[in-house]
Amino acid sequence: MPFRSHRYSLGARLFLSAAICCALVLVLAGFGLTTFYRRSAERGFDERLSVYIKELIADLAAPPETERQAIGDLGEPRFDLPLSGWYWQIIRLDGERPTIRASRSLVGGQLPKLLDQPIAPNARGLRESYISGPDDRSLRILEREIDVGEDGRFSVAVAAPSDEIDADIRDFRLALTMTFLLLGLALVASTIIQVRFGLRPLVRLGAAVGMVRTGETPRIVGRYPPDLAPLAGELNQLIDANHEILDRARTQVGNLAHALKTPLSVLLNEAEAGDGQLPQTVKAQAAIMRDQVQYYLDRARAAALSGALGGVTEIAPSLDALIRTFSKISQGKGISGSHTVSARARFRGEKQDFEEMLGNLLDNAFKWAESTVEVSLDKQDDDGPGRIALLIDDDGPGLPDDAMMDVVKRGRRLDEATPGSGLGLSIVVDLAKLYGGELSLQRSPLGGLRARLALPSV
């Protein structure tokens, strides 16, 4: 089953997971610290208010009655400013009619009693809450119930605007947000560095495997961390096993070829020594058998080698040798052959298979050309990356359009009257398919036939 590429790379997955985890931790830490700071700010504010409550309680408990006329002199001018937000209030709880004393800042108003609300006192006997003041401002209020003996029971309350708490919390949130943003950026940068540094051996291993695939090195080389070294070793063992299997396949194919060629040669020799129809028939059929055996042996060998690692063939040297050979063979016909293929062009596969495919195509081209055979690269190749397309053109008679597809599809000979087994194009088609390529026939700009051979490249 072929592998499918995931949307995200391994590095991106590691980075995203780390970034999401860091963001969640920072957000949760921000909420926790903000909540903790709010409680701390409230405690600090409550300490200030509790000091005033203690002073008011001290004034209530101070004898004689005449000294209580000075209740409320707390040394804070804001308790005297109308609707300043700073208020105190004392209510007698055990009288027939509640007696209320309050700061001037209340201007006749009254603070709600926390005693009447389901608010439990803390360890110091203080009830604390937020209320809406006379001018609808949010107030922080502290209230305490005291018993001064014969003088009665009182509720003492002090309230002040909660704006100071909110301002402190806003400043803290701003500072915390800026700090966490800088910390988050630092964590992101460190995560990128860690991912790149941590995945570098894996990238080197992938590059080493690619070098083996393209034939630059026979095995994976280099030093890797302890957790990757076993993988590199296993890959080398797999490469060695692959080469061993291919060597055995070559040997077996060669042995089979020799085992079959010898009896066929004997039959041909015996047939040539005889006269009559039977020897001629045996000779013809034995020749066909020999060609068929060679064809299927080549196909089996190519099938074994097509998946081999590291097979790379330089195209230009093979083209030079083949064109030179066919030019000599066709010297009497005056056919010239040339190519414009770059020296950097390479085929990802075995040299013998490449020369088998190109040799058959050049054989047909030189056989039917009038004077010129040209080989070039398809500059408008749309086969995608890792592919290359060779164009073999001749100025011969060509083929009708309806015959081109039929010749490639069925592997038929171009002319049954021409000597040969007729397996040339079939070999090219089969070998090209084994390597994931294809052969197609078109009209040549030279006037004859164009064979387009698409193959994998490096």
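The numbers here are math on the coordinates, done by the rules we state, and not lab data. Note that the structure is predicted; figures quoted are calculated from it, not measured. Note: ideal-geometry Cβ built from the backbone for every residue, glycine included; neighbour counts use all protein chains shown.
Quick notes
- Phi angles across the range 317-327 convert, under the Karplus curve 6.51 cos²θ - 1.76 cosθ + 1.60 with θ = phi - 60°, into 3J(HN,Hα) values of x, 5, 4, 4, 5, 5, 5, 4, 5, 5, 5 Hz, Gly and Pro given as x.
- Qualifying trypsin sites (Lys or Arg not before Pro) for the range 190-244 [loop in DSSP, other Cβ within 10 Å: at most 11]: ARG223
- Of the peptides 105-116, 17-28, the ranking by mean beta-carbon count within 10 Å, highest at the top, reads 105-116, 17-28.
- Greater than 20 Å apart at Cα, pairs in LYS283/LYS328; LYS351/LYS433; LYS333/LYS379; LYS333/LYS367: LYS283/LYS328; LYS333/LYS379
- Each other residue within a Cβ distance under 9 Å of ILE165 adds +1 if Lys or Arg and -1 if Asp or Glu, for a net charge of -3.
- Paramagnetic label zone (point 7 Å from Cα along Cα-to-C-beta, GLU314; backbone N under 17 Å) in the range 331-369: 339-352, 354-355
- Global form of the range 66-167, assessed from the alpha-carbon gyration tensor, a/c cut-off 1.5: oblate
- Quotient of C-alpha Rg and 2.2 N^0.38 Å, computed over the range 139-262: 2.81
- Potential lengthening between SER17 and SER376 on full extension [0.36 nm per residue; Cα-Cα distance subtracted]: 124.2 nm
- Local electrostatic count, ILE335, Cβ distance below 13 Å [Lys/Arg +1, Asp/Glu -1]: -2
- Sum of side-chain charges, LEU268 neighbourhood, beta-carbon under 9 Å (Lys, Arg +1; Asp, Glu -1): 0
- Per-residue 3J(HN,Hα) values for the range 13-25, derived from phi via the Karplus relation 6.51 cos²θ - 1.76 cosθ + 1.60 with θ = phi - 60°, read 5, 5, 5, 5, 5, 5, 5, 5, 4, 4, 4, 4, 4 Hz in sequence order (x marks Gly and Pro).
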